């Protein structure tokens, strides 16, 4: 059973420090035998990701996949507990599109936004080969107007690498949707980018939307936006 917990905390914006209107949500993530169709899909996805990393080591330097089984169980828990306000899902930085495809397998209306054209093509082939209705768009998931915030985050971060690109096509325009049209957003931020992801979600997501983040410790966090954003960039 999901339960709201303490506020997520504070993150720095261009304007300074502000309280983030996000609360942590507890979900019961139970690992079990994967459904056969999910198992077959993940085996093929792992194979294709492995070939991509082997064949394109330079391009793969900025691509680190999450543990897909962990994310699947989290998405399944969200769906089974019926805690999302709707079924619209977006993966920010979708890579091979595995998470967006898993969301589609769980009944979400799924989309993925990815900056790298080759990865968008790979995601479209993977989802298409399994007959999964997912929209993958090449572009930046940073909404129009939020570029100063993202660039300030780049200047402030102490991370060794910072892969976020802001000078790209507006993916939302091509999707015909806005960030606040999504009920669940998934992201796997690089170390140091967590505050940026939370800040963008705070500013642009719909009230009641869920933010699911995977981290480098093979775990996930889930937050809900419970108040309207009142700061500025």
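Going 7 Å from the Cα of residue 37 toward and past its Cβ, which residues in segment 83-102 have a backbone nitrogen under 19 Å from where you end up? Once the point is set 7 Å along Cα→Cβ of residue 37, 87-89, 97-102 turn out to lie under 19 Å by backbone N, inside segment 83-102. Counting 0.36 nm for each residue step from residue 44 to residue 80 and taking away their Cα separation leaves a gain of 10.4 nm.
Report the gain in length on full extension from residue 121 to residue 221: 0.36 nm times residue separation, minus Cα-Cα distance, nm rounded to one decimal.
The residue 121-residue 221 span can extend by a further 33.1 nm.
Modelled spin-label separation between residue 151 and residue 174, with each label point placed 7 Å from Cα along the Cα-to-Cβ direction: 2.3 nm. For the pair residue 69 and residue 207, a Förster radius of 41 Å applied to the C-beta separation gives a FRET efficiency near 0.85, rounded to the nearest 0.05.
Where a number appears in this text, it was derived from the coordinates with a stated rule and is not lab data. Quantities reported herein were computed from a predicted structural model and do not represent experimental measurements. Neighbour counts run over all protein chains shown; Cβ positions are idealised from the backbone, glycine included.
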